[in-house]
Structures are given as structure tokens and as C-alpha cells.
1. Given 216, 226, which one is closer than 30 Å to residue 86 by Cα, open to solvent by 40 Å² or more (accessible area, probe 1.4 Å) and under 21 Å from the mean Cα position of the chain (by Cα)?
2. Across the range 1-25, what is the total count of residues that are part of a strand (DSSP E or B), within 25 Å of residue 62 (Cα to Cα) and over 21 Å from the mean Cα position of the chain (by Cα)?
3. Might you let me know whether the range 68-77 holds any residue that is outside any loop (DSSP other than H, G, I, E, B), farther than 30 Å from residue 135 by Cβ and not basic (Lys, Arg)?
4. Return yes or no: is residue 198 open to solvent by less than 40 Å² (accessible area, probe 1.4 Å) and touching a Pro at 6+ places or on another chain (Cβ under 7 Å)?
5. Could you list, ordered by first residue, the pairs with Cβ atoms under 6 Å in which the first is in the range 90-119 and free of Cβ contacts under 8 Å to residues at least 40 places away in the same chain and the second is open to solvent by 80 Å² or more (accessible area, probe 1.4 Å), at least 6 apart or interchain?
6. When you scan the range 50-65, do you find a residue that is open to solvent by less than 30 Å² (accessible area, probe 1.4 Å), part of a strand (DSSP E or B), within 21 Å of residue 111 (Cβ to Cβ) and not charged (D, E, K, R), even just one?
7. Given (1) surrounded by fewer than 16 Cβ atoms within 10 Å (Cβ to Cβ); (2) closer than 30 Å to residue 185 by Cα; (3) touching a residue at least 40 places away in the same chain (Cβ under 8 Å), where does residue 143 come up short, assuming only one miss?
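The values are calculated or read from the model by the stated rules, or taken from the named source; none is laboratory data. Quick caveat, the model's predicted, so the values are computed rather than measured. Don't worry about glycine lacking a Cβ; one is built from the backbone with ideal geometry, like all the others, and counts go over all protein chains shown. Areas reflect the complete protein model, heavy atoms only, side chains present, ligands, DNA and RNA absent. Shrake-Rupley method; radii C 1.70, N 1.55, O 1.52, S 1.80 Å.
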Amino acid sequence: MKREQVIIIGGGMAGKLIAAAISPYFHHVQILEKDPQPENKSTVRKGVPQAHHIHALLHAGDHALERLFPGFQKDMVKRGSIKIDSLRDLAWFHHGVWKLRFKSGDTTLLQTRPLLETYVEERVNQIANITYTYGTKVQSFLLADDQAHVYGVEVLQENKIKTLIGDLVIDTSGSASFTQGWLEKQGQTVPEEKVDIGLCYATRKFTLPEPPDDFKIKIIYPNPGKETIGGTLSMVENNQCIVTLNGYLNSLNPAELKDVQGFINKTAMLPLPDIYQALQKGTSESETAIYQVPQIMWRHFERVNLPAG
């Protein structure tokens, strides 16, 4: 028997895909996204700062999306995604050696995050019982008098406080989640583990005079212990490529990467000169996008006595 309503906090990829997966089991599925609706299909939402960087779909994600949205891969290729043989078309320099390349028959899709997420949202909106609402910030769970179960959420929408009732509430809001703070107000502590990594991603889009003929994506990894900066060049839609530098242990200074020449000069510090050489004849098509991850954190919600719902 179908339950009445599920509320999903966060309208990113996790929220969209969970909504599609559970829609057969509820009469209504409400996705609540705090960001305003993007201006167009290429706009990156404020709540997805990592969206400027490289997005390659690996097999599990590719297969899950195809299962949820039949025809997904074919549709994405029509829209511009680059379909590659996962091992033949990937040039990967790792721990000081090039990995062996051969025709595998397994495939991967390369594209920008906005292209991927826009398509997924369109497919989600085709599911009749899913409602996707922008500009709605969830502020708290509604806890029953018995303190044993959650029965909805309190939201801020158009400067008004509203309550929404649901049989189930799912939090997919990621690092912005209020769930930990809410639980602590109920007297529960969420155990955490932290590791300082000082990671910085820096990305620019480029157009090359000629696309590379021997690969579709090239990854140059740093050799741990000796090197801290890696880089990737990936072909994407519209005959462009995305170049992402990743530096660990605070080895990338965002200020040095803001202008195009500073960005290109930094690629010369990679373990191999391949990406630096490719960009000598390239044209930059974007500003430098920075995404920093000072530490990785594991919050152990499985050790907390969560209320039902």
C-alpha cells in the first residue's frame, strides 16, 4: 500500500535520484531546494560549488541512471555528452607509470555537471507525483509530542514560515545539512572523524585548436609522498575541454590561479608536461573556478538513536 507523502530536503543529484527511486511507493514526493531556480541550463547553482569541475559518470552511476531513466545514456549523447571506452580512451598516469590501455567494451560519459543535472531534473519533472520546489529552506524537523517520530518539516518560503507534513523525511542536503545541529538540540551527539587534507580544485574551460586524437580524458596523478599536485584534461560538450588542477596539503594557492596565465603556468608543475603543452595553443573560455576541501569528515549518524520517520 502506498504511503501519502515523502519530503526530500535538497534538490541536488541525490535528492533528484532518491525521488525518482521512491516515487512508486508514495502518492506525493516533495523535493525542497533552498537555491533559487537557475537562470538557464548552463547556470551552476550556488549550493553546488563543485559543479564547475570535472564530472565523469562511472559505471555504477551510469547504470543506476539508465535504470531510473530508460534511454538516459542515448539521450545524454544526443545532448553532447562524450561517450568513451573506459579503458581505451582514458590516459591515466598513476604512481609514476601509464596504466595499460585496451578496448574494454565498458563505457563512461564525460560532460559538465549542468548538462547532467538539467537532464535528470527534466526526467524527474516527468514523474507525475513528484513536486520540485526552489527557494524553500528547511529550518527544522517537526517532532511529535512523544519525541519518538518526525512527522514533517518547518520551512522558510517567500519570507513566511510554513509547516509541511510527511510520512517520511529524507535529508539529502549534504554539507549544509542542519540535521546534526537539530539532533544535538535533542541531546544527542553525532560522533565525527576528521582528516585534514588541504585539498583545492581549480578549473577552467578551454577550446583547443584540434581535439586530442589519442585520448578523451587524461589524468596525471601526483605520486603520494613526493608530489601533491595532479591534473585532468577532459573533453566535454560543445567541443570544449575542462582542465582541473587538484592540490593536496594546501599546495595550491587560489590567488595564483585566478588569471589564465597563472593557471597554465601551474600546470607546468604537474609530474608530466602533457597538459601544459596542450594548453599552449588553447583558448580559455571561462574564469578559474575554485573549490576547497580543508578536511574530510565522517559523521556517524548510524551511531545515533534517530527518531522514526
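1. Working: 226 fails: under 21 Å from the mean Cα position of the chain (by Cα).
Every option except 216 fails the conditions.
2. Restricting attention to the range 1-25, the residues satisfying the condition of being part of a strand (DSSP E or B) are 3-9.
Next, from what is left, pick out any that are within 25 Å of residue 62 (Cα to Cα): 8-9.
Keeping just the survivors that are over 21 Å from the mean Cα position of the chain (by Cα) gives none.
The qualifying residues number 0.
3. Within the range 68-77, the first condition is being outside any loop (DSSP other than H, G, I, E, B), and the residues that meet it are 68, 72-77.
Right, trim to farther than 30 Å from residue 135 by Cβ and you get 73-74, 77.
Now restrict to residues that are not basic (Lys, Arg): 73, 77.
Yes.
4. Numbers: open to solvent by less than 40 Å² (accessible area, probe 1.4 Å): yes; touching a Pro at 6+ places or on another chain (Cβ under 7 Å): yes.
So residue 198 fits the description; yes.
5. Sorted first by the residue in the range 90-119, then by its partner, the pairs are 101/88; 103/88.
6. yes
7. Result: residue 143 fails condition (1) only.
Let's see how each residue does on (1) in contact with a strand residue (DSSP E or B) (Cβ under 9 Å, 6 or more places away or on another chain); (2) at pLDDT 95 or above; (3) aromatic (Phe, Trp, Tyr):
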| residue | (1), (2), (3) |
| --- | --- |
| 62 | yes, no, no |
| 65 | yes, yes, no |
| 68 | no, yes, no |
| 71 | no, yes, no |
| 90 | yes, yes, no |
| 95 | no, no, no |
| 98 | yes, yes, yes |
| 104 | yes, no, no |
